[in-house]
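What follows is a single structure, written as structure tokens, with notes after it.
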Amino acid sequence: MVITISIISIRISFCQSSDTIEIKTLLKKDEFIMSSLHFQKANLTFGDGSKICPENNCSYEFERTTFDERFGIANTKYLSGTLQIEEKPNSNGNFISYRYYRLSGTFNLVDIKENTKTGDKILVYEGNLLLDTGNAMYSPSKIEYKSQIKIHDAQNQLELYGKNQ
């Protein structure tokens with residue numbers, strides 16, 4: 001007698017939470033380097049499955065964060081800076097614990113949308129945003145988000161949406 005057992009692997013994707021990041025900020029031109037744009041008044045939102053801020057209620061601050069040209073390569077921009085974010089599990093009472101992430105990413109221009117009446121442009125870039133603590137002992141020390149950046153030229157506004165792969 002021969003008995004055959006089949007094992008079927010089922011993956012339920014609708015139950016999985018998604019680790020996403022969304023950044024909206026105004027950009028200010030550097031006084032000395034015209035191609036360098038600095039973050040001003042930034043808003044940061046994490047998705048439900050975030051490894052950095054699971055409850056999406058952490059205080060944060062962007063430090064020296066810019067979106068600028070990368071070594072003069074045409075249609076390529078580089079995002080860099082530091083994200084200081086509250087580490088909720090280690091905060092208590094009057095003492096807030098912070099974790100620092102280095103931000104980096106290279107983004108390539110993939111699309112330009114132009115309003116023919118006003119001349120306003122939306123530049124669309126794609127690339128990967130890396131958040132890195134620089135400490136391999138910390139888990140997770142590096143988180144990468146496949147991202148799209150939209151630059152609303154007339155308002156000097158940047159919108160980034162990324163999803164952890």
Pairs returned, first residue in the range 137-161 that is surrounded by fewer than 16 Cβ atoms within 10 Å (Cβ to Cβ), second residue that is basic (Lys, Arg) and at pLDDT below 85, beta-carbon separation under 7 angstrom, 6 or more apart or interchain, are Pro140/Lys51
Filtered residues of the range 135-153 (kept if in a strand (DSSP E or B), of a type outside the set (Phe, Trp, Tyr) and farther than 19 Å from Leu27 by Cβ)
Lys142, Ile143, Glu144, Lys146
List every residue pair whose Cβ atoms lie under 9 Å apart, where the two residues are 6 or more positions apart in sequence or sit on different chains, the first residue falls within the range 95-120 and is under 28 Å from Asn57 (Cα atoms), and the second residue, located anywhere, is surrounded by fewer than 13 Cβ atoms within 10 Å (Cβ to Cβ) and charged (D, E, K, R).
Tyr100/Glu63
Quick one: Asn156 ticks every box in (1) within 16 Å of the chain's Cα centre (by Cα); (2) closer than 21 Å to Lys41 by Cα; (3) not acidic (Asp, Glu) except a single one, so which number is it?
(1)
Might you let me know whether the range 75-98 holds any residue that is loosely packed, with under 14 Cβ neighbours inside 10 Å and of a type in the set (Phe, Trp, Tyr)?
yes
If I ask for residues that are among the basic types (Lys, Arg) and in contact with a Cys (Cβ under 8 Å, 6 or more places away or on another chain), which ones from the range 73-99 would you list?
Lys88
Going through the range 69-94 in order, the residues found to be in contact (Cβ under 8 Å) with a residue 24 or more places away in the chain and aromatic (Phe, Trp, Tyr) are Tyr78
For the range 77-122, the count of residues that are more than 17 Å from the chain's Cα centre (by Cα) and closer than 29 Å to Ala154 by Cα equals 13
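The values are calculated or read from the model by the stated rules, or taken from the named source; none is laboratory data. This one's a predicted model, so the numbers in the text were calculated from it and none came from an experiment. Don't worry about glycine lacking a Cβ; one is built from the backbone with ideal geometry, like all the others, and counts go over all protein chains shown.
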